[in-house]
Amino acid sequence: MPARPTAPVPARRAAELRALLHHHAHRYYVLDAPEIPDAEYDRLFRELQALEEAHPALRTPDSPTQRVLGRVLEGLAPVRHAVPMLSIHTETDTTAAGATAFDARVRRELALAADAPPVEYAAELKFDGLAINLRYEAGVLVLAATRGDGETGEDVTQNIRTIGQIPLRLDTAHPPPVLEVRGEVYMRRDAFERLNERQRDKGERTYINPRNTAAGAVRQLDPAMTASRPLSFFAYGLGEVQGWHGPPTHAAVLDALAAFGLPVSADRRVVPGAAGLVAFHRDIELRRDALPFDIDGVVYKVNALALQCQLGFKTREPRWAVAHKYPAQEQVTRLNGIEVQVGRTGKLTPVAKLEPVFVGGTTVSNATLHNVFELRRKGVRVGDRVIVRRAGDVIPEVVGRVADAGGADGAEGAEGAAGAAGVDGANRRRRRYVPNFHMPRHCPVCGSDVQREKGGIDHRCTGGLFCAAQRKQALLHFAGRRAMDIEGLGDKLVDQLVDAGIIRTLPELYKLGVAKLAALERMADRSAANLVAALERSKQTTLARFLYALGIRHVGEATAKDLARHFGALDRVMAASEEQLLQVNDVGPVVAASIHAFFAQPNNREVVEQLRAAGVHWPEQQGPGGGSSGEPAALPLAGKTLVLTGTLPTLSRDEAKELIEAAGAKVAGSVSKKTNWVVAGEEAGSKLDKARELGVPVLDEAGLRALLAAASGLAAASGAG
């Protein structure tokens, strides 16, 4: 038998070097147990680099030399997850009772008797980093994506390849055809401190906290920048799997991932029932500060995968898993001032300006005070020493003020006990002359009136169409499908238009031209032309759509339709008093006050007039005797009920519904003796049969249009007479 041909020497040596470097990288990054010094690893790495440069065909995608590819990305491409990356429910009770409550829910869902054996759980850490999905095909890493919105993430493959802990090839002779591994990219505390030390040495800005620094590094457009950040990774689950029949439990799956060469946290445990969960939660809480990385809680998962399938999901959250957080961390600092921020919906929030303090893993200099009533309850004034807590380990809040004996602020440590009494007395006197904080009467951004809702605690700016703080939200709502239906005007384009100062008010949308739009990022001539055409189409609308598009607080689609039916014309809505508004179906005192306050603002009225001047129009109905202000309009089909069924030739269901409602009739979902007409199209179902059974008149699309035209003609004749 002839001898088996051997691979050329360079190819054999390259394969040997790749295997050696993979082995030693795993020992160094994952096991933290290197077998050779760094200099020896570097020598092997340089040898492989030289071989690949001399023989480019030997360079493979999983070669250790390919971790930093160098090319700067133009943008992060979207990636559709084959299996959605769903979030898990967070247990609100941070005490041991939270673990007990989760176990009780699981047992109830599984219909377990009180004397049944305890459920077995896999308990692990809840890492504070960025969730990532790694896709391996035939054992080779081919794609890495962020969670994004759960359905679609961002392609960060090149950046993830720079993380030494993540294997470019799975350590198995028989890899699955497809294996998606889910986990968390994070930064160790010591690595974060070293990074900031380097930043200080270079005279550059330091980073705020490990979590944000890690997340920002992963989403960089330059992989070399990512490579300069000391990132780590832990695997904790699976996404799509093809051709691999894994173990029957979650804990065994993690063991298998570790065997494949993926880093899995050692702080995981299989525990029985609620008692086991409580013990794990307490153990990790005691060791939390000693961990080399930040966590914001622990995670419990039913261990048996078969039971996970049986439990299933609720509102896109698994019933078989829960995140159990710890009580928020607190620190004491000085309140230097109180400012008011205006949110995108117009809500005013008092914000504490603090002496910077490190709490919950980050430096905090601003914290929410929620609202003026909460601020009063806490008795906080400028100059006080206050307790700051990161609520949910995310949003800093002021819990209350610190008072020493006698109710005064305490002396700082440097002032000494001897001077404490004098300082306390000074603080007591100072506090008498520090006035309580009051919410402004006018918006600090646009100057519009600030109004507190009747019976509510929140203050809001009433200049919704004019206020710069609400600009993006107002534009997006105005363009929505149920509002003006401006196709192509989405979040990213609105961000560009507002951030560049191109759009400041809604009417300026209708001044946009193809040339100006095409000059924006990711906007070609065709896209620009399509948007301009959509803007032109949106000018012809209905009063109900327009009212809804204005974004008046508490005015949804149904209320907008009720207003349009009742008043028939915009001027009558704008001139209506609160008493007249209360006559509208389903409009109560809070909604009436909100509508009246909105149109009482000159800024909002000016925007409405500018939109009309730009060509936005709709058919309006005349009220009795010409329609005096606030009087209900005489709509031609007022009090009538129609039912839609099947597919009409030219009208969509929404379009037909709008035409019917604009004439004053209601569209019901079912047929009854009170139904006046049924409008039937192709593939009409049981509603058509019911109409025939009850003798309800049936119309096709042409009949509907004829009915609407005839009704409008009668109403016009009646008004003229």
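Scanning region 61-85 for residues that are at pLDDT 85 or above and part of a loop (DSSP other than H, G, I, E, B) gives Ala77, His81, Ala82, Val83, Pro84, Met85. Selection of region 264-305 for residues being free of Cβ contacts under 8 Å to residues at least 40 places away in the same chain, part of a helix (DSSP H, G or I) and among the hydrophobic types (A, V, I, L, M, F, W, C) yields Ala279, Leu286, Ala290. State yes or no: is Arg504 in a loop (DSSP other than H, G, I, E, B), among the charged types (D, E, K, R) and under 23 Å from Glu609 (Cβ atoms)? Yes: the conditions hold for Arg504. Residues in region 234-252 that are part of a helix (DSSP H, G or I) and in contact (Cβ under 8 Å) with a residue 24 or more places away in the chain: His250, Ala251. Which of the residues that make up region 317-359 are within 30 Å of Gln473 (Cβ to Cβ) and among the β-branched types (Val, Ile, Thr)? Selection gives Ile338, Val340, Val342, Thr345, Thr349, Val351. Do the conditions hold for Arg537, that is, is it more than 18 Å from Lys666 (Cβ to Cβ), buried (at least 19 other Cβ atoms within 10 Å of the Cβ) and of a type in the set (Lys, Arg)? The answer is no for Arg537. Candidates Gly488, Gly463: the one that is within 27 Å of Gln341 (Cα to Cα) and either surrounded by 15 or more Cβ atoms within 10 Å (Cβ to Cβ) or of a type in the set (Lys, Arg) (or both) is Gly463. A count restricted to region 189-215 and to residues that are touching a helix residue (DSSP H, G or I) at 6+ places or on another chain (Cβ under 7 Å) and either outside any helix (DSSP H, G or I) or within 18 Å of Pro263 (Cα to Cα) (or both) stands at 4.
Selection over region 540-564 of residues that are crowded, with 16+ Cβ neighbours inside 10 Å, assigned to a helix (DSSP H, G or I) and not hydrophobic (A, V, I, L, M, F, W, C) gives a count of 5. Within region 653-671, which residues are surrounded by 12 or more Cβ atoms within 10 Å (Cβ to Cβ) and either of a type outside the set (D, E, K, R) or modelled with pLDDT of 90 or more (or both)? Answer for region 653-671, where residues must be surrounded by 12 or more Cβ atoms within 10 Å (Cβ to Cβ) and either of a type outside the set (D, E, K, R) or modelled with pLDDT of 90 or more (or both): Ala656, Leu659, Ile660, Ala662, Ala663, Gly664, Ala665, Val667, Ala668, Val671. The set of residues from region 90-105 being in a loop (DSSP other than H, G, I, E, B) and surrounded by 16 or more Cβ atoms within 10 Å (Cβ to Cβ) comprises just one member, Thr94. The selection criterion, being at pLDDT 85 or above, surrounded by fewer than 17 Cβ atoms within 10 Å (Cβ to Cβ), touching a strand residue (DSSP E or B) at 6+ places or on another chain (Cβ under 6 Å) and among the basic types (Lys, Arg), does not hold for Arg108.
The values are calculated or read from the model by the stated rules, or taken from the named source; none is laboratory data. Nothing here was measured: the structure is a model prediction, and the numbers come from that model. Here the Cβ is made from the backbone with ideal geometry for all residues, glycine too, and neighbour counts use every protein chain on show.
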